[in-house]
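> Pasting in a structure now, in C-alpha cells, and then I'll have a few things to ask.
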Amino acid sequence: MMEEVKDVSSVLSVQGDSIKVTEALQDGDTLTFIIISQKLSGTGEYHVDRTYDDFEWLQQHLYSQEDVPGIQGVIFPPLPGRPQVNASAKVMKQLGFLGLEDWQLYCRALETFLRQVSAHSVLSKNQAVELFLTSADPPGRQKIKKNIFNRLSQAMEEMRKEGHKDVDEFFQTERDQNLLLTGSTRTAAEVCQASLFLLLSVFSDTLRMDSALTEISVACGHFSAALHLCVEPGDEPEKKAFTRVCVQLSEVFDSMKKSTRSFAVNDMNTLGLGLDLHSRYQEAEKEMLFRRTCKMVELENAIRNAEKAKPVKKAAMEEVKKATEAEFQQISEVAKQEIVRFKQIRVHMLQKSLIQWCEKQLVTARESADIFSHHLQAFKATV
C-alpha cells in the first residue's frame, strides 16, 4: 500500500501528455484500469493498475489542499461517474456514453482526467498525483480529512446563496453565462446521446436498451439472414435470378448495418465524448463559482458582525473580517485565472472533437461509398 500522503509539494516525474489509460480489466463487477506514462527522464515507462476507488482517492486528496491559497477558486478537472457492469437504466442515463460498457470510451475519459490534472499548475504539485501515477502499490484506504467539498455539501442547504448578487461584474457575468451554458451543453450531450443510442440499438443486437428498441434491433439484425431463407434451389433461370437478387440485397443490407454503426460509433468516440466532457467541465466551473459565492456571503456576514460588534469583541471580529477578506481575494484571483484557462481549454476541446469527428466521418464515408459502388456494379451485372 502507498504510504499516507503528506501535505508537501512535489514535481511530477512523468510527462503529462504521455499518460494513457490503455485498458480496463474486468473481474466480475470490478474494473481495474492499466495506466502507462513516460518517465520525464526518458529512460522508461511507469505501468500501474488502479481501480475507480483509487481515482476517488486521488480526487479527494486534490480537494483537501486547504493550505493552498485560493484553492477554492480552482476549477477541478471532472472525474467521470463510477462505472458499473450491467448498469441499470438510471445509471445509464447518468453516465451517458460512458455507461455503454465500451470500456475503451471510459478509459479515454479517465485518461483525459489524469492529463488535465497533470497539466494543472497547482494540482500537479500535490504528492498524491505523483504516487498515483508511479507507485506500484495501490493507494491506501485511509480516511481523507474534511475538505472544501464537505463544506460545499453543507452550503448546498443554503441554496439562496446561489442567486446572491455578485460584488464583481466579471463574476456576475460569468455566473450568468455558466448557468445558460450548463443547461445548453447538457441538453446537447443528451440529444446526441439519445440519437446515437437509437442508431446503435437498431444496428446492434448487443446494446441493452428498452424493449421497443430491442425488438427493432433484433428485427433489423436478422433481416440480412432472413433474405438467405428466400433462396430457392433449382436450375430454372427465374429461380437463379431471384436467388442472386436475394443474396446481393442481403449483402447490401449487411453493409448498411456496418456503415451506419461505424458512423454512430465515430460520433460517440469524437463529438459524443467531447460534448460529455464539455458538459462535465461546465458543472465543475459552476461548483467553483458557487464556492466563491459562499465565501463572498461569508465575508459580507463578517463585515456586518465587525460593524455591530461590542467593544470587547471588536478587535476579534476585525481580525476575522480581515482573514476572510484576504481569503476571498485569493479565491477571486485564482478563479479569474482559472476561468481564462478554462475558456481556452473549452475551445481546444470542442475544436479537437469536431476535427476528429469530421475526419472519421470522411474516412467512413469514403469506405462506404466504395462498398456501395461495388454493390451497384454487382446489381447492374445481375440485371
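> Give, in nm to one decimal, the length gained when the segment between T187 and V167 is fully stretched (0.36 nm per residue of separation minus the Cα-Cα distance). Before the final figure, lay out the partial values.
Values: separation 20, 0.36 × 20 = 7.20 nm, distance 3.03 nm.
Here the segment from T187 to V167 would lengthen by 4.2 nm.
> Relative to the Cα centre, what is the charge dipole magnitude of the range 256-383, using +1 at the beta carbon of each Lys and Arg, -1 at the beta carbon of each Asp and Glu, and rounding to the nearest 20 debye? Intermediate results must be reported in sequence, preceding the final value.
Working: 23 positive and 17 negative charges, 30 e Å.
Charge dipole, the range 256-383, about its Cα centre: 140 debye, nearest 20.
> In what sequence, highest mean first, do 68-75, 310-317, 246-253 appear when ranked by Cβ atoms within 10 angstrom?
On the way: 68-75: 21.2, 310-317: 10.8, 246-253: 16.9.
Per-residue Cβ counts within 10 Å, averaged per peptide and sorted highest first, yield 68-75, 246-253, 310-317.
> Let me ask something additional. Computed over the Cα atoms, what is the radius of gyration of the range 256-383 divided by 2.2 N^0.38 Å, N being its residue count? Walk me through the numbers on the way to the answer.
Values: Rg = 28.5 Å, N = 128, 2.2 N^0.38 = 13.9 Å.
That works out to 2.05 for the range 256-383.
> Figure the gain on full extension for K314 and I355 (residue separation times 0.36 nm, minus the Cα-Cα span) and round it to one decimal in nm.
Working: separation 41, 0.36 × 41 = 14.76 nm, distance 6.06 nm.
Going from the current span to full extension adds 8.7 nm.
> I need the calculated FRET efficiency for the pair L376 and Q104, taking r as the beta carbon distance and R₀ as 35 Å, to the nearest 0.05.
Working: r = 34 Å, r/R0 = 0.98.
It comes out at approximately 0.55.
The numbers here are math on the coordinates, done by the rules we state, and not lab data. Quantities reported herein were computed from a predicted structural model and do not represent experimental measurements. Neighbour counts are summed over all protein chains in view; Cβ atoms, including those assigned to glycine, are modelled from backbone coordinates with ideal geometry.
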